[in-house]
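Colleague: So that we are looking at the same thing, I have put the structure below in structure tokens.
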């Protein structure tokens with residue numbers, strides 16, 4: 001109370017001098033922020049830190065004006081206003097928090113916006129918690145923070161194991177198939193049950209406390225006033241959620257122009273920069289916008305004519321006459337994935353031709369040539385999925401980029417199960433830990449009988465092994481007289497990027513780039529060629545081994561060696577520093593190679609032209625099938641005959657296969673090929689999709705529940 005005879009003071013105000021000082025400081029902060037580039041001699045324009053400075057400066061000015069003696073009447077009225085029965089100490093802080101968050105979300109430049117995204121969303125959460133009943137608001141805030149911490153921890157584990165962050169797809173997999181995510185994260189299964197129990201108890205307690213708080217609240221203030229408060233809080237919550245949606249829209253628009261979005265290292269960095277929850281929202285939007293066509297319901301699609309498919313298969317394969325077939329003599333099959341291996345003769349303008357047994361035909365060659373893959377610079381698992389299952393990963397849209405994690409749990413049939421049904425034992429030899437990117441679980445889902453990783457093989461060197469060492473481990477494990485028939489899928493790693501080298505590597509290579517004498521690109525090329533010799537030697541060793549096995553068992557052999565993608569060292573993706581694009585020919589960056597080596601003569605009538613990776617298992621099945629109807633996914637030959645190697649030809653599934661502005665004409669033409677399909681190809685494409693869906697290769701996510 002003020003003393004008699006003196007003017008009543010305003011307990012909420014400050015003196016004129018302090019108000020003037022605060023306002024002056026605010027104006028100075030605004031001026032400094034605007035003129036900052038001029039002061040430090042930088043470029044013109046308003047950057048993110050300048051924007052923040054302007055906002056805080058304006059806030060100081062507004063605060064000084066509001067708290068000055070001149071605004072006492074305004075304060076009395078303002079602090080006496082209730083909005084939907086909300087007291088000023090509730091709605092005013094909420095309005096202030098929302099205003100600051102909204103302004104930052106609207107005006108921050110790209111990089112600062114991405115970095116501040118999580119904190120802006122958290123500000124909106126705090127604003128909601130302020131208007132809720134105190135206990136409920138505190139509980140909500142603690143639950144949100146706890147959930148963020150848990151998701152951030154899972155995200156860090158997934159990035160450490162796979163190089164890729166947590167996505168909404170992973171969350172869906174966890175809900176539909178919890179064991180799959182726990183396997184992918186290499187977590188003990190007892191933690192899954194513990195997490196479920198904790199979640200159930202916490203959820204029940206939260207519901208109980210919410211009911212108690214609401215009951216106590218209504219009993220204390222009455223139904224009418226409680227209804228007004230509930231309406232006001234609901235409107236504020238809805239308004240805040242709409243603002244959060246607008247903020248996420250702007251964040252997603254900025255991410256669209258972020259070059260590193262779908263590079264393994266770039267996407268991990270992005271999730272760390274914007275926060276786990278904003279990235280989950282982004283991944284959900286991408287999934288919704290690019291869900292792929294495979295799981296879309298379209299019962300009107302017609303299946304291809306069986307006779308047409310059989311004729312197409314017969315055009316590519318010559319089957320032995322029944323009297324000439326050797327019963328019980330299915331060949332041993334070895335599939336060798338040559339990491340980051342491609343034919344540099346087709347990719348670059350070189351001063352001399354690179355000679356390698358990987359690319360040059362020999363007496364044992366049944367077919368060799370370029371391979372069309374859906375990965376550039378990384379994404380090995382995409383090509384593995386296609387060569388094992390026989391489906392183009394782009395049919396699954398966004399999910400197609402994460403095949404080992406997103407699609408393998410739904411695989412019911414594959415080339416491995418096709419061979420298993422015909423008496424084969426199937427093996428997968430991994431050069432790294434089976435925990436890496438869900439590899440062990442993925443190959444088990446694909447139907448392989450035995451999956452052996454570096455630990456199973458006692459390979460202490462891990463990734464540092466040469467390709468020759470990996471093949472020798474495979475031979476030692478299989479033994480000199482393995483039970484047949486068998487199929488082994490062996491992954492090589494020696495040519496994995498980066499291709500750093502020293503001057504000594506340049507000795508002995510007579511070829512180089514025609515357009516440049518720079519040491520860096522030529523040295524990288526020579527390092528690639530040095531490792532290429534090791535890969536070629538390993539394939540020769542594997543072939544010699546199978547020849548010896550054939551002599552002992554009478555069982556013929558088939559070797560397929562193929563490249564998964566071109567290495568990032570030469571494609572300008574993630575860690576690459578040198579721009580090789582000016583040195584390239586018109587061949588696309590998603591072109592590698594394949595080579596079929598076999599002791600069986602006269603079976604293939606194809607494959608001198610570009611093949612899609614998804615056709616590989618169908619071609620391999622030619623050495624096992626009894627006739628056209630027995631070929632694995634014979635419809636792939638029929639589709640290849642009508643559409644060529646790129647029957648999908650739609651928007652790529654990721655940045656790794658996306659066409660950049662500087663891409664060559666071949667890149668651009670391939671990207672738009674889907675739009676230029678002939679009428680016959682369009683019809684074949686639709687019918688092939690119907691055949692894929694009815695084949696039982698994959699369960700739909702709905703069926704998997």
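The values are calculated or read from the model by the stated rules, or taken from the named source; none is laboratory data. What you see is a predicted model; the values in this text were computed from it and never measured. Note that we place each Cβ from the backbone using ideal geometry, even for glycine, and neighbour counts take in every protein chain shown.
Colleague: Being within 21 Å of the chain's Cα centre (by Cα) and modelled with pLDDT of 85 or more narrows it down to one residue among 248, 242, 270; which is it?
Modeller: Details: 242 fails: within 21 Å of the chain's Cα centre (by Cα); 270 fails: modelled with pLDDT of 85 or more.
Within the list 248, 242, 270, the selection yields 248.
Colleague: Restrict the check to the range 362-377 and report whether at least one residue is in contact (Cβ under 8 Å) with a residue 24 or more places away in the chain, assigned to a helix (DSSP H, G or I) and within 23 Å of residue 635 (Cα to Cα).
Modeller: Narrowing the range 362-377 to residues in contact (Cβ under 8 Å) with a residue 24 or more places away in the chain: 362, 364-377.
Checking the rest, the ones that are also assigned to a helix (DSSP H, G or I) come to none.
No, the range 362-377 has no match at all.
So that you can scan it fast, the table gives a plain yes or no per residue for (1) touching a strand residue (DSSP E or B) at 6+ places or on another chain (Cβ under 9 Å); (2) not assigned by TED's automatic domain parsing to the domain that holds residue 494:
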residue	(1), (2)
340	yes, yes
355	no, yes
364	yes, yes
381	no, no
384	yes, no
398	no, no
402	no, no
418	no, no
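Colleague: Tell me, please, whether a residue that is farther than 29 Å from residue 626 by Cβ, more than 19 Å from the chain's Cα centre (by Cα) and touching a residue at least 40 places away in the same chain (Cβ under 8 Å) can be found in the range 432-449.
Modeller: Within the range 432-449, one or more residues are farther than 29 Å from residue 626 by Cβ, more than 19 Å from the chain's Cα centre (by Cα) and touching a residue at least 40 places away in the same chain (Cβ under 8 Å).
Colleague: Which one of the conditions (1) within 29 Å of residue 558 (Cβ to Cβ); (2) in contact (Cβ under 8 Å) with a residue 40 or more places away in the chain; (3) surrounded by fewer than 20 Cβ atoms within 10 Å (Cβ to Cβ) does residue 510 fail to meet, given that it meets all the rest?
Modeller: Only one criterion in (1) within 29 Å of residue 558 (Cβ to Cβ); (2) in contact (Cβ under 8 Å) with a residue 40 or more places away in the chain; (3) surrounded by fewer than 20 Cβ atoms within 10 Å (Cβ to Cβ) is unmet by residue 510, namely (1).
Colleague: Take the residues of the range 660-700 that are in a helix (DSSP H, G or I) and surrounded by fewer than 14 Cβ atoms within 10 Å (Cβ to Cβ): which is modelled with the lowest pLDDT? Break it down stepwise before answering.
Modeller: Residues of the range 660-700 that are in a helix (DSSP H, G or I), as a first pass: 665-671, 673-676, 679-694.
Narrowing further to those that are surrounded by fewer than 14 Cβ atoms within 10 Å (Cβ to Cβ): 665, 675-676, 679-680, 694.
On the way: 665: 34, 675: 54, 676: 63, 679: 85, 680: 88, 694: 89.
Ranking the candidates gives 665 first.
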